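Participant: The structure follows.
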């Protein structure tokens with residue numbers, strides 16, 4: 001029950017499911033049975049996610065520390081005999097690495113990224129992609145993220161390139177027909193690595209490749225608008241398109257993207273797919289912003305961007321899509337600052 005609640009919270013951004021998982025895990029921990037170490041690790045993951053949502057980084061770091069004792073038990077012979085110990089250990093290592101990386105990004109802390117990278121290497125080495133492809137791929141994606149974050153902090157292009165290579169390797173054992181969401185997540189991870197490479201090298205080609213990855217991920221996630229991953233993919237795709245246009249000073253790129261989004265809006269009215277319609281509005285707004293930034297002239301596009309973001313915000317809020325609502329709110333705040341400037 002707790003694992004399913006945590007999965008729902010991760011996929012759909014429902015904090016109430018975290019609370020439900022925590023209540024269930026409290027009962028499981030008190031039983032002191034063979035699954036008590038797993039319950040303790042899961043509790044650390046739940047508390048860590050809730051701490052991040054509250055922006056309490058100290059508590060999140062304490063939760064990362066709380067993983068150590070149950071992970072030691074899961075790694076021991078006693079833990080392995082409890083049934084499924086090998087993959088349970090890998091899953092909980094992945095949860096701790098993910099938490100460490102989230103804290104590192106918030107704190108801009110290089111040492112935390114190094115710890116996460118070291119743990120990811122150990123976890124990946126313990127698995128075989130031929131027999132455990134999904135778990136191996138998830139951990140390899142975390143290793144890729146750690147490498148690119150470290151390269152970004154150090155300004156070291158070779159580390160970012162290693163991250164791109166690791167993200168590419170994470171895709172190799174996956175098939176969209178076998179596990180579509182894992183494949184989409186890996187495509188999004190590769191897109192983020194390429195996006196970071198583009199920022200480091202100011203290469204429009206990297207941003208073009210990132211857009212291709214996001215397009216592949218979108219093909220999977222568009223059928224479920226409530227997915228948190230959809231929000232990240234939509235936002236990063238629009239940012240990559242905008243950066244590509246900025247680097248090439250090619251307004252035709254923006255023209256083509258604007259036409260594509262407007263065609264999508266007219267072909268799929270809001271009543272049929274309100275979330276998809278609102279995502280297209282949000283992306284169109286970002287392209288309006290990019291044109292103003294490139295040309296230095298506002299021909300009314302900032303007002304159009306604000307209108308698009310406002311209607312997107314209303315739709316997301318009405319549907320209860322928290323991650324997308326937050327992105328629309330951030331865009332409105334950014335436009336407010338741009339207008340003030």
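Every number in this text was worked out from the coordinates using simple rules, so none of it is lab data. Just so it is clear, the structure is predicted and the values come from calculations on it, not from any experiment. Don't worry about glycine lacking a Cβ; one is built from the backbone with ideal geometry, like all the others, and counts go over all protein chains shown.
Participant: So what is the diffusion coefficient of segment 193-251 in µm² per second by Stokes-Einstein at 37 °C and 0.692 mPa s, using a Kirkwood Rh over Cα pairs?
Facilitator: Taking Rh from Cα pairs, D becomes 283 µm²/s.
Participant: Now, a different point. Taking the Cβ of each residue in 35, 178 as the centre, tally the other Cβ atoms inside 10 Å and list the residues starting with the fewest.
Facilitator: 178, 35
Participant: Right, something else. For segment 171-283, calculate the relative contact order in percent as a whole number, restricting contacts to Cα pairs under 8 Å that are 6 or more residues apart.
Facilitator: Working: 114 pairs, mean separation 23.7, N = 113.
Across segment 171-283, relative contact order equals 21 percent.
Participant: Considering all alpha-carbon pairs of the chain, what whole percent are spaced by more than 31 angstrom? Can you show the working numbers first?
Facilitator: Details: 21040 of 57970 pairs.
It works out to 36 percent of all Cα pairs.
Participant: Another question, then. With each pseudo-label sitting 7 Å past Cα toward Cβ, what's the residue 317-residue 215 distance in nm, one decimal?
Facilitator: For residue 317 paired with residue 215, the spin-label model returns 3.5 nm.
Participant: Sorted from fewest to most neighbouring beta carbons within 10 Å, what does the list 219, 18 look like?
Facilitator: Taking fewest neighbouring Cβ atoms as first place, the list is 219, 18.
Participant: Treating the angle as unsigned and between 0 and 90°, give the value, to the nearest 10°, between the Cα long axis of helix 204-221 and the longest Cα principal axis of the chain.
Facilitator: With both axes taken from Cα atoms, the answer is about 70 degrees.
Participant: Using a 10 angstrom cutoff on alpha carbons, build the Gaussian network for the chain and name the most mobile of 259, 50, 197.
Facilitator: So, out of 259, 50, 197, the one fluctuating most is 259.
Participant: Another question, if that's okay. Under 1.5 on a/c is rounded, so check that first for segment 1-72, then, if it is not, pick prolate when a/b is larger than b/c and oblate when it is not; a ≥ b ≥ c are the square roots of the alpha carbon gyration tensor eigenvalues.
Facilitator: oblate
Participant: Pairs of Cα atoms under 8 Å, at least six residues apart: use those to get the relative contact order of segment 222-341, whole percent.
Facilitator: 25 percent
Participant: Now, a different point. For q = 0.12 Å⁻¹, what log10 I(q)/I(0) does segment 222-341 give under the Debye formula with an equal point scatterer on each alpha carbon and no solvent?
Facilitator: Debye curve over Cα of segment 222-341, log10 I(q)/I(0) at q = 0.12 Å⁻¹: -0.39.
Participant: On to the next question. Quote the relative contact order of segment 206-268 in percent (integer), defining contacts as alpha-carbon pairs under 8 Å separated by 6+ residues.
Facilitator: Relative contact order of segment 206-268: 32 percent.
Participant: Does segment 146-248 classify as rounded, prolate or oblate by the C-alpha gyration tensor (a ≥ b ≥ c root eigenvalues; a/c under 1.5 gives rounded; else a/b over b/c gives prolate, otherwise oblate)?
Facilitator: Note, shape of segment 146-248 comes out oblate.
Participant: If you line up the long axis of helix 301-319 against the longest principal axis of the chain, both from Cα atoms, how many degrees apart are they, to the nearest 10?
Facilitator: The helix 301-319 is inclined about 40 degrees to the chain.
Participant: Cα gyration tensor of segment 1-159, axes a ≥ b ≥ c as square roots of the eigenvalues: rounded (a/c below 1.5), prolate (a/b > b/c) or oblate? The partial results should precede the final answer.
Facilitator: On the way: a/c = 1.86, a/b = 1.26, b/c = 1.47.
Note, shape of segment 1-159 comes out oblate.
Participant: For the chain, with a Gaussian network of springs between Cα atoms less than 10 Å apart, report the residue from 94, 278, 263 with the top mean-square fluctuation.
Facilitator: Among 94, 278, 263, the largest mean-square fluctuation in the Gaussian network model of the chain belongs to 263.
Participant: Hey, what angle do you get for helix 57-66 against the long axis of the chain, alpha-carbon based, 0 to 90 degrees rounded to 10?
Facilitator: 30 degrees
Participant: Which one, 231, 317, 193, has the greatest fluctuation when you compute a Gaussian network model over the chain with C-alpha springs under 10 angstrom?
Facilitator: 317
Participant: Sort 160, 294 so that the residue with the fewest other Cβ atoms within 10 Å of its own Cβ comes first and the one with the most comes last.
Facilitator: Values: 160 27, 294 18.
The fewest-first ordering by Cβ neighbours comes to 294, 160.
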